[in-house]
1. Please rank Trp116, Trp256, fewest neighbouring Cβ atoms within 10 Å first, as an exposure proxy.
2. Out of the stretch 176-218, which trypsin sites (Lys or Arg not before Pro) are coil in DSSP terms and have no more than 11 other C-beta atoms within 10 Å?
3. Starting with the fewest neighbours, write out Cys243, Cys26 ranked by other beta-carbon atoms found within 10 Å of each beta-carbon.
4. Using DSSP to define loop residues, name the chymotrypsin sites (Phe, Trp or Tyr not before Pro) in the stretch 136-198 whose beta-carbon has at most 16 other beta-carbon atoms within 10 Å.
5. Tally Lys/Arg at +1 and Asp/Glu at -1 over every other residue whose Cβ is under 13 Å from the Cβ of Tyr251; what's the total?
6. Sum up the charges of everything whose Cβ sits under 14 Å from the Cβ of Val225, counting Lys and Arg as +1 and Asp and Glu as -1, but leave Val225 out.
7. Please rank Thr241, Thr248, Thr258, fewest neighbouring Cβ atoms within 10 Å first, as an exposure proxy.
Amino acid sequence: MRARAPVIRHRTLRRRALRRRALWSCGELLVTVGTVLALLVVHQLWWTNRQAEQGAQREVRALEKEWGNPAGPEDPANPGSGSGSGAGSDSRAETSATAGRNGTRVTNSSSSSPSWSQAYAILSIPRLGLRVPVAEGVSKPDVLNKGYVGHYPGTQQPGQAGNFALAGHRNTHGEPFRYINRLRRGDAVRVETADAVYSYTVDRTLPQTSARDDGVIRTVPRSTVRPAYGYRTPGHYLTLTTCTPEYTSRYRLVVWGTLTSMRPR
């Protein structure tokens with residue numbers, strides 16, 4: 001007796017076709033979503049960095065042109081060197097800075113406050129090869145996302161007694177503070193304005209603290225979360241803050257420095 005051939009109903013064929021079509025559609029959707037996500041990552045990690053960094057460097061050049069007397073690179077063997085000032089002004093600046101460390105206020109020669117989101121200074125960190133504009137305020141769209149470093153409103157200006165506090169992105173949008181965790185005690189940080197060049201020296205680092213730790217930017221900076229970190233006496237301080245760990249904004253990394261010299265332009 002011959003075996004009967006299996007009968008495949010049209011309903012079964014339709015169900016199989018529908019399953020194949022659904023699987024194919026899901027596969028196409030996953031590929032599309034993956035492509036979009038990859039493009040977003042490229043845009044966030046590469047394109048925003050490129051745009052912000054180029055814009056920031058244009059602003060640095062514009063400030064130098066406006067001032068008409070760029071400070072130029074510093075000679076590591078001769079801090080305070082560079083074009084635009086003679087030996088007499090350097091000597092007076094050193095005397096002024098020394099007086100400031102002994103309790104006399106070092107005044108900032110700039111009498112007017114900068115406008116909101118206006119770039120008005122240049123921050124240079126030789127160890128990191130960084131040279132970036134400083135703008136008033138810490139707004140993301142108006143300042144930080146442009147690749148600038150932002151000055152915390154309510155904190156002091158360069159050279160003034162108290163705390164000149166700055167914030168910058170660690171990742172994306174130019175990421176000017178990407179590597180400030182590499183700064184060490186004794187490293188130089190320079191702030192240039194239209195009137196003077198201020199030199200600070202790094203002396204303390206707070207590797208991690210709460211994003212709400214506002215003690216780090218007070219006039220006498222000291223962590224309210226980790227009180228062992230910071231200062232106890234008035235002085236002329238510089239504070240650099242950024243997010244940590246990388247690619248998150250959960251905590252803050254803080255680097256502090258003190259004013260060591262000032263020279264007029």
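Where a number appears in this text, it was derived from the coordinates with a stated rule and is not lab data. This is a predicted model, so every value here is computed, not measured. As a convention, Cβ positions derive from the backbone with ideal geometry for all residues, glycine included, and neighbour counts pool all protein chains shown.
1. Trp116, Trp256
2. Qualifying residues, ordered by number: Arg184, Arg185, Arg212.
3. On the way: Cys243 19, Cys26 10.
Ordered from fewest to most neighbouring Cβ atoms within 10 Å, Cys243, Cys26 come out as Cys26, Cys243.
4. Those satisfying the criteria are Tyr179.
5. That works out to +3.
6. Working: positive: Arg212, Arg218, Arg222, Arg226, Arg250, Arg252; negative: Asp213, Asp214.
Counting the neighbours of Val225, the net charge comes to +4.
7. Exposure proxy ranking, most exposed first: Thr248, Thr258, Thr241.
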